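A.B. asks: The structure that follows is given in the form of structure tokens.
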Amino acid sequence: MRKPVIAGNWKMNKTVEESRSLVYDLSIGLRDIKGVEKVLLPPYLSILTAAALLEGTDIGLGAQNLHWEEKGAFTGEISAQMIAEFCQYVLIGHSERRTYFGESDETVNKKIFSAIAHNLIPIVCVGETLGEKETGQTGEVLVRQILNGLKDVTKEYVSAIIIAYEPVWAIGTGKASSAEDARNVIRDIIRPVLQEMYGVQAANSTRVLYGGSVTAANASGFFVHEDIDGALVGGASLKADEFVKITQAGAG
Ligand code: PGA
């Protein structure tokens with residue numbers, strides 16, 4: 001049995017003051033929802049405030065990125081060691097980081113190792129662009145991202161990793177993938193690669209989420225499919241009531 005995960009990626013939104021109010025509302029709205037792992041991914045600056053407000057709750061906290069080195073002369077960066085003081089999760093390889101900040105499968109791989117070394121649960125994003133989809137390259141792209149991103153990650157760690165399938169064309173566009181298409185990609189491409197790399201049991205215990213324009217209105221459509229283990233939510237995670245409804249749908 002894979003426990004569903006609903007993670008809210010706030011991206012570069014919310015000041016510390018605004019975060020305080022959103023975390024407060026969420027802590028109340030999410031309090032009685034059980035059977036689902038709830039994760040908030042606020043900007044770095046809001047992490048401390050969120051951690052204090054979430055103490056004693058079952059709501060997890062994560063960062064949106066990390067640097068793979070432990071410490072040193074890397075101006076502007078934050079390491080896994082620093083994140084692990086307050087967080088349990090870290091987002092790795094989001095398509096916006098791949099597109100705007102030169103993130104590659106190789107850096108994704110280094111970041112996964114660093115996260116694991118500090119007991120952080122990596123939420124690793126993979127997904128094809130519109131051009132790649134239209135030219136029939138979805139399978140090839142996802143296989144490459146997973147093979148290279150998870151290179152040398154051993155079986156004992158893989159089921160602690162969460163994969164988020166986020167087709168780039170669906171992110172922030174209001175044009176979510178159909179639930180069936182997302183299910184097919186996860187069932188027919190992503191899980192088979194994991195199976196090839198780690199065997200059936202490990203592949204079946206690894207959680208794979210869908211992300212890309214998930215809303216309260218469309219969320220439950222994804223979760224009826226047993227291959228979809230939850231969602232990585234962007235825009236809709238900035239509104240407490242929306243995120244609460246999506247989490248409720250994830251809890252089933
Ligand atoms: P969206 O973003 O829900 O706003 O499409 C998803 C994501 O980027 O993780």
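Please treat every number below as a calculation from the coordinates, not as lab data. Because the structure is a prediction, the values reported are computed rather than measured. Backbone-built Cβ (ideal geometry, glycine too); neighbour counts: all protein chains shown.
A.B. asks: Answer yes if at least one residue in region 122-129 is in contact with a strand residue (DSSP E or B) (Cβ under 7 Å, 6 or more places away or on another chain), within 16 Å of the ligand (Cβ to nearest atom) and of a type outside the set (A, V, I, L, M, F, W, C), and no otherwise. Write out each step before concluding.
C.D. replies: Restricting attention to region 122-129, the residues satisfying the condition of being in contact with a strand residue (DSSP E or B) (Cβ under 7 Å, 6 or more places away or on another chain) are 122-127.
In the following step, the residues that additionally are within 16 Å of the ligand (Cβ to nearest atom) were identified as 122-127.
From the residues that got through so far, the ones that are of a type outside the set (A, V, I, L, M, F, W, C) too are 122, 127.
Checked against the condition, which is being in contact with a strand residue (DSSP E or B) (Cβ under 7 Å, 6 or more places away or on another chain), within 16 Å of the ligand (Cβ to nearest atom) and of a type outside the set (A, V, I, L, M, F, W, C), region 122-129 yields at least one hit.
A.B. asks: Continuing with the same structure: Of the conditions (1) buried (at least 17 other Cβ atoms within 10 Å of the Cβ); (2) more than 16 Å from the ligand (Cβ to nearest atom), Tyr89 fails just one. Which one is it?
C.D. replies: Tallying (1) buried (at least 17 other Cβ atoms within 10 Å of the Cβ); (2) more than 16 Å from the ligand (Cβ to nearest atom), Tyr89 fails exactly one: (2).
A.B. asks: Restricting to region 215-230, name every residue that is β-branched (Val, Ile, Thr) and either closer than 10 Å to Ala179 by Cβ or more than 13 Å from the ligand (Cβ to nearest atom) (or both).
C.D. replies: Taking region 215-230 as the starting set, the residues that turn out to be β-branched (Val, Ile, Thr) are 215, 224, 228.
Residues satisfying the conditions are Val224, Ile228.
A.B. asks: I'd like the full set of residues that are crowded, with 22+ Cβ neighbours inside 10 Å and away from the ligand (no atom under 16 Å from the Cβ), limited to region 147-174.
C.D. replies: If the condition is that a residue be crowded, with 22+ Cβ neighbours inside 10 Å and away from the ligand (no atom under 16 Å from the Cβ), then Gly149, Leu150 are the ones that fit.
A.B. asks: May I pose another question? Anything in region 126-152 that is over 16 Å from Ser95 (Cα atoms) and of a type in the set (A, V, I, L, M, F, W, C)? List them, or say none. Full working, then the answer.
C.D. replies: Quick first cut of region 126-152, residues over 16 Å from Ser95 (Cα atoms) only: 134-137, 139-140, 147, 150-152.
Scanning region 126-152 gives Leu147, Leu150.
A.B. asks: Scan (1) more than 14 Å from the chain's Cα centre (by Cα); (2) more than 10 Å from the ligand (Cβ to nearest atom); (3) not small (Gly, Ala, Ser) for the single condition Leu238 breaks and write down its number.
C.D. replies: With respect to (1) more than 14 Å from the chain's Cα centre (by Cα); (2) more than 10 Å from the ligand (Cβ to nearest atom); (3) not small (Gly, Ala, Ser), Leu238 is out only on (2).
A.B. asks: Residue pairs, Cβ under 6 Å, 6 or more apart or interchain, first in region 186-210 and more than 14 Å from Ile162 (Cβ to Cβ), second assigned to a helix (DSSP H, G or I) and of a type in the set (A, V, I, L, M). List them.
C.D. replies: Taking only residues 6 or more apart or on different chains, the pairs are Ile189/Leu142; Val193/Val143; Val193/Ile146; Gln195/Ala203; Tyr198/Val158.
A.B. asks: Scan region 19-70 for residues that are crowded, with 19+ Cβ neighbours inside 10 Å and either touching a Gly at 6+ places or on another chain (Cβ under 6 Å) or assigned to a loop (DSSP other than H, G, I, E, B) (or both) and report the count.
C.D. replies: 10
Every residue, every condition in (1) small (Gly, Ala, Ser); (2) within 16 Å of the ligand (Cβ to nearest atom); (3) under 25 Å from Ile59 (Cα atoms), yes or no:
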{"residue": "Phe74", "(1), (2), (3)": "no, no, no"}
{"residue": "Gln81", "(1), (2), (3)": "no, no, yes"}
{"residue": "Glu85", "(1), (2), (3)": "no, no, yes"}
{"residue": "Thr107", "(1), (2), (3)": "no, no, no"}
{"residue": "Ser114", "(1), (2), (3)": "yes, no, yes"}
{"residue": "Leu120", "(1), (2), (3)": "no, no, yes"}
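A.B. asks: Within the set of pairs 6+ apart or on separate chains, which have a first residue in region 52-68 that is more than 14 Å from Ser114 (Cα to Cα), a second that is among the aromatic types (Phe, Trp, Tyr), and C-beta atoms under 6 Å apart?
C.D. replies: Gly60/Tyr89; Gly62/Tyr89
A.B. asks: Okay, moving on. What number of residues within region 99-131 are in contact (Cβ under 8 Å) with a residue 12 or more places away in the chain, outside any strand (DSSP E or B) and surrounded by 13 or more Cβ atoms within 10 Å (Cβ to Cβ)?
C.D. replies: 18
A.B. asks: Please work out if Tyr198 is crowded, with 20+ Cβ neighbours inside 10 Å and more than 16 Å from the ligand (Cβ to nearest atom). Walk me through it before giving the result.
C.D. replies: On the way: crowded, with 20+ Cβ neighbours inside 10 Å: yes; more than 16 Å from the ligand (Cβ to nearest atom): yes.
The answer is yes for Tyr198.
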